[in-house]
Amino acid sequence: MASHKAGVNDLESYWLPFTANRAFKAAPKLFTSADGMYYRTPEGREVLDATSGLWCSNAGHNRPRIVAAIQKQAAVLDYAPQFQLAHPAAFELSNRLIDLAPQGFSHVFYCNSGSEADDTALKIALAYHRARGQGTRTRLIGRERGYHGVGFGGISVGGIVSNRKTFGMLIPGTDHIRHTHDLARQQWSRGQPAEGAEFADDLERLVALHDASTIACVMVEPVAGSTGVLVPPKGYLERLRAICDKHGILLIFDEVITGFGRLGTAFGSQYFGVTPDLITMAKGMTNATVPMGGVMAREGIFDAIAGATAPGGIELFHGYTYSGHPLACAAALATLDTYKEENLFQRCAEMAPYLESQIHALRGTRHVEDIRNLGLIGAVQLEPRAGAPGARAMEVFTRCFEQGVLIRVTGDTIAMSPPFIVERAQIDRIMETLRAVISALD
Ligand SMILES: Cc1ncc(COP(=O)(O)O)c(C=O)c1O
């Protein structure tokens with residue numbers, strides 16, 4: 001059989017994730033360096049990062065403290081197993097994370113991505129109920145339009161059809177509450193929509209259908225990001241919490257996007273004043289410099305699982321070779337220092353009203369049918385082109401890139417989530433570019 005010999009610059013062999021590979025290779029978009037608010041292309045063109053990479057470089061790029069910490073750590077302890085062993089920075093980081101967390105959290109489990117964090121949280125929920133003698137609670141509930149990464153757990157509770165339809169039956173015994181978007185009642189909402197808290201009652205429908213004794217947990221993103229930025233209606237998360245409490249169901253917040261300052265508080269939970277039982281995190285945890293994710297558990301969860309384990313026994317048969325990786329821990333500690341020293345969560349909170357005012361000024365622009373925002377997250381929803389959903393927004397993405405602004409699109413929604421160091425003039429530039437590009441399109 002003839003083997004294909006690739007040159008170093010052959011584009012074919014790299015199968016890009018979540019990408020139209022053939023279209024990409026016909027017109028590749030590459031970055032070769034990044035600093036502060038900007039990426040740089042191989043031709044030396046600057047591209048303003050309006051998305052913090054993939055919602056993850058919250059402090060901007062090439063931050064000196066973080067770079068130095070990773071370099072130093074690599075030369076001191078490059079790797080240490082975490083199964084029956086550990087290293088000091090992993091403990092330091094978990095303590096720092098508990099300090100940042102809402103009141104009442106006690107334990108942190110490490111993994112390497114948001115997907116792993118979400119699957120880990122689902123497993124912890126199952127282990128918790130089983131340890132308490134409620135092993136019939138095995139059903140995992142998610143929400144339509146939810147994104148919880150790409151593991152089988154995450155796509156099973158997730159609610160994005162293209163991420164699910166190819167992959168068979170997924171995990172049996174999952175179900176979904178309805179999503180929170182209602183264009184007619186929520187259109188042009190600034191921040192949290194006033195209407196729609198009652199969508200949380202959909203959980204009662206599932207309890208009536210399946211019985212609470214079969215339900216382990218409900219996983220939701222406090223603000224749904226990847227599905228096009230759906231901001232929770234006022235009172236919705238509070239109601240979901242109350243229904244979970246009533247039926248003994250664990251509430252899991254997927255804070256992979258909302259964690260680490262995106263709403264102006266350390267976690268979204270603190271912004272909304274609603275405390276879940278488990279919080280999943282990744283992305284901004286290391287400012288995206290080294291892959292890392294984690295699950296934070298409320299007091300009582302570890303103890304329940306430990307209480308059902310013989311002394312000296314392993315409490316949870318779960319973990320990753322790279323759980324608590326020394327480079328990731330070093331990067332995370334330096335990231336937390338950077339956030340703190342530069343008051344970046346507060347900066348995000350201060351900049352959020354400006355983003356809100358500027359993005360809502362796009363109302364009235366051709367093709368724009370809704371605008372949503374919260375914290376340093378903004379979304380512009382376009383009317384789809386007849387017979388070609390997503391095509392108009394994808395064209396906006398390419399034209400903005402050509403004009404030096406990186407945005408993100410999902411379906412026909414344009415999402416923005418700039419680093420917290422963004423300046424007002426940069427927000428102006430992002431919005432002016434968007435307005436010009438969208439207006440010029442069919
Ligand atoms: C809410 C949410 N959960 C989970 C994930 C998955 O994270 P990762 O891509 O690190 O696996 C993402 C990624 O965008 C996310 O937005």
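The values are calculated or read from the model by the stated rules, or taken from the named source; none is laboratory data. What you see is a predicted model; the values in this text were computed from it and never measured. Cβ placement follows ideal geometry from the backbone for every residue including glycine, while neighbour counts extend to all protein chains displayed.
Given the criteria over 20 Å from Asp277 (Cβ atoms), over 15 Å from the mean Cα position of the chain (by Cα) and aliphatic (A, V, I, L, M), does Val161 qualify?
Details: over 20 Å from Asp277 (Cβ atoms): yes; over 15 Å from the mean Cα position of the chain (by Cα): yes; aliphatic (A, V, I, L, M): yes.
Spelling it out, Val161 is indeed over 20 Å from Asp277 (Cβ atoms), over 15 Å from the mean Cα position of the chain (by Cα) and aliphatic (A, V, I, L, M).
Select from segment 261-272 the residues that are in a helix (DSSP H, G or I) and touching a Gly at 6+ places or on another chain (Cβ under 8 Å) and write down the one among them that is nearest to the ligand (Cβ to nearest atom). The selected residue is Gly268. For the residues Leu250, Leu336, Leu327, the requirement of being surrounded by fewer than 24 Cβ atoms within 10 Å (Cβ to Cβ) and within 21 Å of the chain's Cα centre (by Cα) singles out Leu336. The condition (being assigned to a helix (DSSP H, G or I) and more than 14 Å from Ala68 (Cα to Cα)) is satisfied by just one residue among Ile305, Ile314: Ile305.
Return the total of residues in segment 121-148 being assigned to a helix (DSSP H, G or I) and within 15 Å of the chain's Cα centre (by Cα).
Initially, segment 121-148 is screened for residues assigned to a helix (DSSP H, G or I), giving 121-131.
With the extra rule that they be within 15 Å of the chain's Cα centre (by Cα), the set shrinks to 121.
Counting residues in segment 121-148 that are assigned to a helix (DSSP H, G or I) and within 15 Å of the chain's Cα centre (by Cα) gives 1.
None of Leu382, Leu376 is in contact with a Ser or Thr (Cβ under 8 Å, 6 or more places away or on another chain), modelled with pLDDT of 95 or more and more than 15 Å from Trp188 (Cβ to Cβ) except Leu376. Inclusion of Arg429 among residues that are assigned by TED's automatic domain parsing to the domain that holds Asp35, among the charged types (D, E, K, R) and in a loop (DSSP other than H, G, I, E, B) is not warranted.
Looking across segment 52-80, the residues that are surrounded by fewer than 18 Cβ atoms within 10 Å (Cβ to Cβ), touching a residue at least 60 places away in the same chain (Cβ under 8 Å) and part of a loop (DSSP other than H, G, I, E, B) come down to Leu77, Asp78, Tyr79, Ala80. Selection of segment 292-328 for residues being within 16 Å of the ligand (Cβ to nearest atom) and of a type outside the set (Val, Ile, Thr) yields Met292, Gly293, Gly294, Met296, Tyr320, Tyr322, Ser323, His325, Ala328.
Evaluating Gly248 against the criteria (1) under 21 Å from His148 (Cβ atoms); (2) away from the ligand (no atom under 13 Å from the Cβ) leaves one unmet condition, (1). Selection of segment 298-312 for residues being of a type in the set (Gly, Ala, Ser) and out of contact with any Phe, Trp or Tyr (no Cβ under 6 Å at 6 or more places or on another chain) yields Gly300, Ala306, Gly307, Ala308, Ala310, Gly312.
May I ask you to list the residues in segment 399-418 that are among the basic types (Lys, Arg) and over 24 Å from Gly44 (Cβ atoms)?
From segment 399-418, those among the basic types (Lys, Arg) are 399, 408; that's our starting set.
Of everything in segment 399-418, nothing turns out to be among the basic types (Lys, Arg) and over 24 Å from Gly44 (Cβ atoms).
The condition (being away from the ligand (no atom under 16 Å from the Cβ), at negative phi and among the polar types (S, T, N, Q)) is satisfied by just one residue among Thr258, Thr275, Thr289: Thr275.
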